[in-house]
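Notes follow once the structure below has been shown.
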Amino acid sequence: MVRSIILALLGVAGFAGEAHAEWDPCTARAVTSVEVPSFSEGGFDRGWGVAKGQTFQFVTQYWQSKTGVRYFCSHGGGCYLAEARVNGVRVPVVALDNCRIDYSDPYKFEDGTLYSLTPIRSKFSARDLRQWDATEAFYKYKVQYDRIDQYAVAYANNPRSACAKLTRRVMRGDRRAIRAMNKDIDAEGNVVNPCIWVSK
């Protein structure tokens, strides 16, 4: 939920043109073809039409607008209808492939309610799950935002490394580990964060 709140504060837009720092592994696909003209809602473009079989990467959120319309939003893509009425019948339009909606901690704001997504763990490799879990922990414990990807990838790729040891401490909420994660070198010039490479 941490990442969803961060993105919500950035505007809950279609995310077009916005660089995403974090790893967004959720994907989705259109299960129904729907032609919906783009329209503006809450200051952002919504309701883009989709063709059956179309795929979407970097899906980050499930959004229910204050009018009750539901969307899946992708980082750097747009917000697409999750369901629609076709010939008077409500049908799914876009469905998640490898993640599920987390209804446990909704984030309410003026234009609606956001729900974060969580991976269906059986659909991911052990390596990808390490990256996901580390990323979530780094957000939770306020590890430096601009390095979260780098740290999580280092942990995911080398689960027996010094970086992995530090990461597991951070994931347990160890304050000393969190401080080390957010620092490159100490006062004596020693590298204290093994997840980064520091030139001397």
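With every protein chain in place and a 1.4 angstrom probe, the accessible-area ranking of Tyr71, Tyr103, largest first, reads Tyr103, Tyr71. Each residue of region 133-138 was assigned a 3J(HN,Hα) from its phi angle through the Karplus expression (A = 6.51, B = -1.76, C = 1.60, θ = phi - 60°), giving 5, 5, 4, 4, 5, 5 Hz with x at Gly and Pro. Each label was represented as a point 7 Å from its Cα along the Cα-to-Cβ direction; for Arg172 and Ala95 these points are 4.2 nm apart. A Förster radius of 45 Å combined with the Cβ-Cβ distance from Asn158 to Asn87 puts the calculated FRET efficiency at roughly 0.25.
Measuring only protein heavy atoms, the 1.4 Å probe finds Val86 accessible over about 60 Å².
Using only the Cα atoms of region 151-200, what semi-axes does the equivalent ellipsoid have when each is the square root of 5 times a gyration tensor eigenvalue? Give whole Å, largest first.
18, 14, 7
The simple Förster model, with R0 at 30 Å and r as the Cβ-Cβ distance, assigns Lys183 and Arg127 a FRET efficiency of 0.65. Taken over region 84-200, the convex hull of the Cα atoms encloses 157 Å³ per residue.
Relative to the current alpha-carbon distance between Tyr103 and Ser65, full extension at 0.36 nm per residue lengthens the span by 12.2 nm.
Taking all protein chains together and a 1.4 Å probe, the residues Ile101, Ile148, Ile185, Ile120 rank Ile185, Ile120, Ile101, Ile148 from largest to smallest accessible area.
Largest first, the residues Trp132, Trp23, Trp197 sort by 1.4 Å accessible area into Trp197, Trp23, Trp132.
In this structure Lys123 has an accessible area near 120 Å², from a 1.4 Å probe over the protein heavy atoms. Among the GluC sites (Glu not before Pro) within region 46-155, those in coil by DSSP and having at most 11 neighbouring Cβ atoms inside 10 Å are Glu110.
The values are calculated or read from the model by the stated rules, or taken from the named source; none is laboratory data. Note that the structure is a prediction, hence the values are computed from the model and not measured. Don't worry about glycine lacking a Cβ; one is built from the backbone with ideal geometry, like all the others, and counts go over all protein chains shown. Surface accessibility is based on the protein's heavy atoms, side chains included, excluding ligands, DNA and RNA. Shrake-Rupley method; radii C 1.70, N 1.55, O 1.52, S 1.80 Å.
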